[in-house]
Amino acid sequence: MYATQALTHVVPLAAELDKNKVTPGVLGFLVFAALAVGVWLLMKSMNRHMGRVNFEEAPETRAASAAEGTPGAPAGK
């Protein structure tokens, strides 16, 4: 059986549906709820990881930069 033949059998069934009464149903709700729970868990994990990040940069000492010979560091005597 070809796909076009199978499609011709399905098309009349779709024409019988009332387009004003078609809803997502229980499956649509379950998929939406699963996505919502997944996003909530991702946000909870992100907040936990962002709380562990230290945003303050450690100040670099002049002695360490002079010893390394980085440009822009003050020259020693």
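The values are calculated or read from the model by the stated rules, or taken from the named source; none is laboratory data. Model, not experiment: these values are computed from the prediction. When we count neighbours, we look across all protein chains shown, and the Cβ atoms used for this are built from the backbone with ideal geometry, even at glycine. The protein model used for the area step is the full one, side chains on, heavy atoms only, and it has no ligands, DNA or RNA in it. Shrake-Rupley method; radii C 1.70, N 1.55, O 1.52, S 1.80 Å.
The condition of being modelled with pLDDT under 80 and open to solvent by less than 90 Å² (accessible area, probe 1.4 Å) holds for only one of GLY38, GLY25, GLY69, that being GLY69. Among the residues of region 48-66, the one identified as of a type in the set (Asp, Glu) and either surrounded by 10 or more Cβ atoms within 10 Å (Cβ to Cβ) or modelled with pLDDT under 80 (or both) is GLU60.
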